[in-house]
Amino acid sequence: MKTSPWNKDRIIGQKRPLQISHIWGIRIRLELEGKTRDLALFNMALDSKLRGCDLVKLKVSDVAYGSSVSSRATVLQQKTGSPVQFDITKGTREAVAALIKLGNLHSKDFLFRSRVGTNQPISPRQYNRIFHGWVEKLGLEDSLYSTHSMRRTKPYLIYKKTKNLR
């Protein structure tokens with residue numbers, strides 16, 4: 001019995017980065033809907049450029065000291081084992097601080113907690129579902145974007161503006 005490849009007759013390639021208008025559209029919707037966790041997740045995904053598996057496993061202690069959110073964080077990547085440092089913008093710090101306060105989170109807690117289990121992070125699959133919900137609300141073609149689009153967005157915007165990645 002011969003099976004065919006999963007991507008036979010499919011056009012699979014790089015997913016698009018989000019445009020600046022998409023970013024603001026998602027942010028405004030999340031703010032109006034009062035979705036504190038999702039806003040913090042969206043902003044942190046943009047700022048950190050982390051893979052989904054690393055993003056969902058962030059702990060409060062990775063980004064905050066006491067009651068204040070740091071302007072810079074370092075995280076060890078699961079895939080490569082290498083540390084990655086990233087800046088946390090003011091808007092993201094405010095969203096994360098609101099999430100910590102609202103959820104009464106402590107330093108050992110996961111930042112983006114699941115409703116299932118005690119102090120469990122959301123799964124990368126759930127992050128994917130949440131992301132596609134944002135894309136669908138904007139009326140964008142769902143198949144053109146993925147959570148990897150979040151990793152590509154900030155470098156794309158920097159390059160578009162400066163024509164330089166350094």
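The values are calculated or read from the model by the stated rules, or taken from the named source; none is laboratory data. Predicted model, so just to flag it, every value in this text is computed and none were measured. Virtual Cβ from ideal backbone geometry, glycine too; neighbours counted across all protein chains shown.
Right, Arg115: of a type in the set (Lys, Arg) and part of a helix (DSSP H, G or I) or not?
On the way: of a type in the set (Lys, Arg): yes; part of a helix (DSSP H, G or I): no.
The answer is no for Arg115.
Quick one: is Val56 over 23 Å from Arg125 (Cα atoms) and of a type in the set (A, V, I, L, M)? Spell out the reasoning first.
Values: over 23 Å from Arg125 (Cα atoms): no; of a type in the set (A, V, I, L, M): yes.
When the stated conditions are applied, Val56 does not pass them.
The single condition among (1) more than 22 Å from Ile28 (Cβ to Cβ); (2) of a type in the set (Gly, Ala, Ser); (3) not in a helix (DSSP H, G or I) that Ser143 does not meet is (3).
Helices (runs of 4 or more DSSP H) wholly in the range 17-82 with at least 1 residues that are modelled with pLDDT of 95 or more, touching a Pro at 6+ places or on another chain (Cβ under 6 Å) and loosely packed, with under 12 Cβ neighbours inside 10 Å - which ones?
Working: elements: 20-33, 36-48, 52-55, 60-63.
Where helices (runs of 4 or more DSSP H) fall fully within the range 17-82, none carries at least 1 residues being modelled with pLDDT of 95 or more, touching a Pro at 6+ places or on another chain (Cβ under 6 Å) and loosely packed, with under 12 Cβ neighbours inside 10 Å.
Taking the criterion of being over 15 Å from Arg151 (Cα atoms) and of a type in the set (A, V, I, L, M), the only residue of the range 76-90 that qualifies is Leu76.
Within the option set Ile158, Ile100, being surrounded by 12 or more Cβ atoms within 10 Å (Cβ to Cβ), assigned to a helix (DSSP H, G or I) and modelled with pLDDT under 95 holds for one residue only, Ile158. For the range 129-137, does any single residue satisfy the condition of being within 30 Å of His106 (Cβ to Cβ), buried (at least 16 other Cβ atoms within 10 Å of the Cβ) and at pLDDT below 95? No, every residue in the range 129-137 fails to be within 30 Å of His106 (Cβ to Cβ), buried (at least 16 other Cβ atoms within 10 Å of the Cβ) and at pLDDT below 95.
Suppose we filter Asn164, Asn119 for residues that are among the polar types (S, T, N, Q), at pLDDT below 90 and either at positive phi or in contact with a Gly (Cβ under 8 Å, 6 or more places away or on another chain) (or both); which single one remains?
Working: Asn164 fails: either at positive phi or in contact with a Gly (Cβ under 8 Å, 6 or more places away or on another chain) (or both).
The unique qualifying residue is Asn119.
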